[in-house]
Structure formats: C-alpha cells, structure tokens
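FYI, it's all coordinate maths here, none of it is from the lab. Everything quoted here is computed from the prediction, not taken from an experiment. Ideal geometry is used to build each Cβ from the backbone, glycine not excepted, and the neighbour counts take in all protein chains shown.
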Amino acid sequence: MTFTTTLQKDAIKIMLLGSGELGKEVAIEAQRLGIEVIAVDKYENAPAHLVANRSYAIDMQDKEAVLALIEKEQPSFILPEVEAISIAALFEAEAKGFHVIPNAEAVNKTMNRKNIRVFAAEKLGLKTSGYQFVTTLDGLKAAGDRIGFPCVIKPVMSSSGHGQSIARTADDIERSWEIAKEARGDASELIVEEFVPFDYEITLLTVRNETGTTFCDAIGHVQKDGDFVLSWQPMQMTPEALQKAQEIAKSVTDGLGGRGIFGVEFFVKDDEVYFSELSPRPHDTGMVTLITQSQSQFALHVRAVLGLPLDYTTYGSGACGAYKAKNESHNPTLEVPDNAFTKDSFVRVFGKPDSHAGRRMAVSLVLDEVEEAKRRATAIVESISDN
C-alpha cells in the first residue's frame, strides 16, 4: 500500500483517549508522519496534551461526553490508552463507523482483568495461574483459603499497580481489601490469583496488522507494588520458553483481532510459560524500546494503526529505570544531573502538572550490556530529585 498524508481538512486524525506518558510518545510519533492528534484525558495539561494539535479534559467514563467529542472531532482512529473509559461509548462509536484500535471488543476484553482472563484461560485454553473473582470481603476470605497463600489480589480494572497487593497469610486479607479501593478504575470486583513461584516475568510486545505479526525482543522487568521500576531488553530466555510465549501471544492477539501493539505479560518458571495479562496498547515496561530499537513500541503502534510495514532494527541491549516522585507538588521541578546524558544514555521527563509520592514522573534509558545497563539506569534514577 501507499501511505498518504496531508495537512488539509481530510487529514488522518487520531484521538487518544488517555494522554499520559505513553500517549505522549504515540502523539510524537504520529505527528512525525503529519498526523493530526487530539489528546483527551480526565485532567488538564496531561503529558500528551503538551504535544497534541488539540486537547480536551473530560470524564472519559461518561458515555455521552466521549461520544460528543468523537462526533465533534471525527477522528480516523480512536486509540484508548487507559482502562477507565466508557466501553459503551466505544461500541457505539464503532457501530457508527469510527475505527477503534484495536477494536471495541478487544478493548472490552483487555481493559478488564476478568474478561481477558476468562477469554485466555477458558476460551483459548491458555496456561494461567489459578484464579477466582470476588465481590465481597467474605468472598475474598474464602477465595484466599481456596487459592492458598501467598496470593495476589487485584481490582478487575486498574493501572500502574494501583490497588494491587499480595496477601501472604489470611491475616493480610482485610488489608488487601482496603488497598483494592485505591484502584484507578473498577474495584467493585477483585481477582484473586495463585502466586506462581516464577523465575522471572516478561512483557512480549506483539504488533499486528494486515501485513502480519511482529514480536519485539522479550522485555524483563522488576515490579514493586504492582508497578514496574526497572525493565530491560532482551530478557535471556531458553528457546523453548520464548517459542511458547510467542505462540501464546499470537494466539491471544489473533483471537482479539484488530491492529496495533499489544503488551502481553507472562510468568516464566523453567520452560513453563503462564499467561498473566495483556494491554492493547504500548506498555510501560516497553519504554526501554525508546533506546534499544530503531522503531520504538510507539512508532510500531502508529505504523500498525496505519497499516504500514512493521520492520525495525535493534540497536542493542538496554534498560529503563522509572523515577517516582517523592513529594507532593503542583508544577513540580525535577533535578537531573548532567551525567545522565551521555552518548548512550538519556532521561525522558513526562511533564505531568502535579506530583505525589510514588507517581511516575520520568524514566532513565541506557544502551549497554544488560547488567551494566540495569545498574546505570538505576543509578541515574537514584540521582534524580523532585521538589
């Protein structure tokens, strides 16, 4: 096919529903191709707002507000970038002929842990940890007894680890119940998961459109409180485990259909691979591709949306460290030392208008042998401060 772009009134236009740091990078890549970007979030001056053609702050769980904005802007493609969106609005927009990425049903399945787990385990027959869904504290206590301890407890809809916890004994259940209420999404139902004693966990970025399916090198990561603090690429895996992960990722993304990038998460124990979760959009651990690949996950996402070839070159191994704010501040200032910027390292600051303790504000990126890259990325993060 031939890609055509124009700055006239019939230009390609994408609407981001969610305008955080991941959406910001998608907006930058889209604008490099002359695509008009409309950035939407629940608050003003979100990161992607700073680089978009136009921006809006609305309640994205308000069906009528979302539909009114879609009708006003008439986007060529709608890219959901967060979980807390009115799914009903996406289905209605799709019925009216708007193109939701990857598609409304895929978003419906993947934005909710219950939907994607049932789809993966019960429809596709993929290997997962044991699980149970609960809606009450008594149900949570019973599920903990059935699943066993330790167990992982998560809201069915949340992001960046909010509301997640590990109950190591029955005495932790009530604390986990309270933590779940902190979810940025839907905490009315929880998933209780068997704790898999995995060797490591990975994200396998899987990109698909009409030209085929491409896998990026596996990304290893370390999480704290359900949110990543360090990721690296590639993660060393046995050929058997990698092949299983790729087969599972292709199975589940083919089952969902549509186009775009999918962040597919796995637990790996020896050569056994357990499907964990899936995001139908760029993944936070995948920010490492900003330095390791000629086409980052964000560029590949845009290419996939446009139906373009998905080829890219790997520059080498690298790591990404997440800097999280230590203070509460409006218009926060980050102090980044000069030595964070070298021939093979740099920092990306998101430009969030407010900070609070634990909020991700920037990442360090290092191109080096994996262990050295991890060490350097961590050291850079530790040298940053905020006020």
| Any idea which of 78, 203, 61 is furthest toward the positive side of the dipole for the chain, if Lys and Arg beta-carbons carry +1 and Asp and Glu beta-carbons -1? | 78
| remark: Given Cβ charges of +1 for Lys and Arg and -1 for Asp and Glu, the option among 332, 238, 301 whose Cα lies farthest towards the positive end of the dipole of the chain is 301
| query | What does the charge count near residue 94 come to, summing +1 for each Lys or Arg and -1 for each Asp or Glu among other residues with Cβ under 15 Å from its Cβ? | reply | +1
| remark: Which of [x] 42, 20, 19; [y] 39, 25, 18; [z] 29, 26, 23 is the computed semi-axes √(5λ) of the Cα gyration tensor in Å? It is [z]
| query | Among 141/224; 127/250; 224/326; 127/269, which pairs are too far apart, with a Cα-Cα distance over 19 Å? | reply | 141/224
| query | What ranking do 97-105, 116-124 get when scored by the average of other Cβ atoms within 10 Å per residue, highest first? | reply | 97-105, 116-124
| task | Using the charge dipole of the stretch 134-190 (Lys, Arg: +1 at Cβ; Asp, Glu: -1 at Cβ; taken about the Cα centre), state which of 169, 159, 190 has its Cα farthest towards the positive end. | result | 159
| said: For Cα pairs less than 8 Å apart in space and 6+ apart in sequence, what is the mean separation divided by the residue count of the chain, i.e. the relative contact order in percent? | reply: 13
| Ordering of 332-338, 84-90, 165-171 by burial proxy (mean other Cβ atoms within 10 Å per residue, highest first) | 84-90, 165-171, 332-338
| Alpha-carbon centroid distance for the pair the stretch 301-360 / the stretch 218-290, whole angstrom | 19
| Hey, what do the phi angles of the stretch 151-158 turn into as Karplus ³J(HN,Hα) couplings, whole Hz, using 6.51/-1.76/1.60 and θ = phi - 60°, x for Gly and Pro? | 9, 9, 10, 9, x, 5, 9, 6
| task | Report, in debye and to the nearest 20, how large the dipole of the stretch 200-386 comes out about its Cα centre when Lys and Arg carry +1 and Asp and Glu carry -1 on their Cβ. | result | 520
| task | Using just the helices of the chain, give the 222 nm mean residue ellipticity in deg cm²/dmol: DSSP H runs with n ≥ 4 each add -39,500 (n - 2.57), and the total is spread over all residues, rounded to 500. | result | -8000 deg cm²/dmol
| field | Rounded Å value of the spacing that divides the Cα centres of the stretch 52-121 and the stretch 172-203 | value | 25
| Cα centre as origin, Lys/Arg/Asp/Glu Cβ charges: the chain dipole, Debye | 560
| field | Only Lys, Arg (+1) and Asp, Glu (-1) charged, at Cβ; the stretch 13-100 dipole about Cα centre in debye | value | 260
